[in-house]
1. Go ahead and set up a Gaussian network model of the chain, Cα springs under 10 Å, then flag whichever of GLY87, GLY110, GLY32 fluctuates most.
2. Using Cβ counts within 10 Å as a stand-in for footprinting exposure, how do LEU79, LEU54 rank, fewest first?
3. With each run of n ≥ 4 DSSP H residues scored as -39500 (n - 2.57), what mean residue ellipticity at 222 nm is computed for the chain after dividing by its residue count and rounding to the nearest 500 deg cm²/dmol?
4. Mind telling me which of ARG141, ARG72, ARG153 comes out most flexible in a GNM of the chain, alpha-carbon contacts under 10 Å?
5. Taking other Cβ within 10 Å of each residue's Cβ, how do SER188, SER147 sort, fewest first?
6. Springs between alpha-carbon atoms under 10 Å, Gaussian network over the chain: tell me which of ASP88, ASP128, ASP116 tops the mean-square fluctuations.
7. Using modelled amide H (1.01 Å from N, peptide plane; none on Pro or chain starts), what sits under 5 Å from the amide H of THR38, excluding residues fewer than 5 places away?
8. Each residue of the stretch 34-48 in order: what ³J(HN,Hα) in whole Hz does its phi give by Karplus 6.51 cos²θ - 1.76 cosθ + 1.60, θ = phi - 60°, with x for Gly and Pro?
Amino acid sequence: MSRGKFITLEGVDGAGKSSHVEWIAARLRALGHTLIVTREPGGTPLGESLRELLLREPMHLETETLLMFAARREHLAKLILPALERGDWVLSDRFTDASFAYQGGGRGLGEQRISDLENWVQQGLQPDLTLFFDLPVEVARQRLAASTASPDRFEQEDLAFFNRVRKVYQERALAYATRIKVIDSSKSIEEIRVILERYILTI
Ligand code: TMP
């Protein structure tokens, strides 16, 4: 039994990744893979409790970062690693690139801190494919405003914050070009699906 593949979705809030989750999942299942769809922060009962705190409760930046990685450790131990070892595939709406982008870029925590936690918690595990949905922040903000009644702690941040988040995602997409594929989210849903299909078929 070969190990399953691990796919993650990333992007600034409002960039449209969540609207593609179900379609990607359906395509992967149609290709014959047993798939687990999950998200971060979250994915386990403890992770979902931490998500509630992370999205609503004001806290120190380092507390926020540690809780993101605590939820991630639980997610890896209870769900992601056992699934991959069984040969199942895992599709996660966000993973560690989000910590580099939001806690590192958005909030200004040093990259080394995040790398240290990444090494500790993941012990070398990286996604096989990351789909980064990219969109100018002004457009993403408009989409978000139209779809969100009560914005969370991250969604309430200003344009400058999201521009810093986007910049880190773009830098990481360049630095890890084999793993991270940039999807131009200003294209139509049909055009995006054609691009997604190509990436899904090549991993
Ligand atoms: P979501 O709205 O895409 O479900 O993600 C929840 C929020 O959590 C989103 O605004 C990004 C943020 N986040 C981080 O700041 N760091 C992380 O490591 C992760 C996984 C998410």
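Please treat every number below as a calculation from the coordinates, not as lab data. What you see is a predicted model, and the numbers here were worked out from it, not measured in a lab. Neighbour counts are summed over all protein chains in view; Cβ atoms, including those assigned to glycine, are modelled from backbone coordinates with ideal geometry.
1. Looking only at GLY87, GLY110, GLY32, the largest GNM fluctuation is found for GLY32.
2. Details: LEU79 18, LEU54 22.
Listing LEU79, LEU54 from fewest to most nearby Cβ atoms yields LEU79, LEU54.
3. Numbers: 8 runs with 100 residues, N = 203.
It comes out at -15500 deg cm²/dmol, rounded to the nearest 500.
4. Answer for the Gaussian network model of the chain: ARG153.
5. Numbers: SER188 8, SER147 12.
Taking fewest neighbouring Cβ atoms as first place, the list is SER188, SER147.
6. Of ASP88, ASP128, ASP116, the Gaussian network model singles out ASP116 as fluctuating most.
7. The list, which skips near neighbours in sequence, is LEU91, SER92, ASP93.
8. Result, rounded to whole Hz: 7, 10, 10, 9, 9, 8, 10, x, x, x, 9, x, 5, x, 5.
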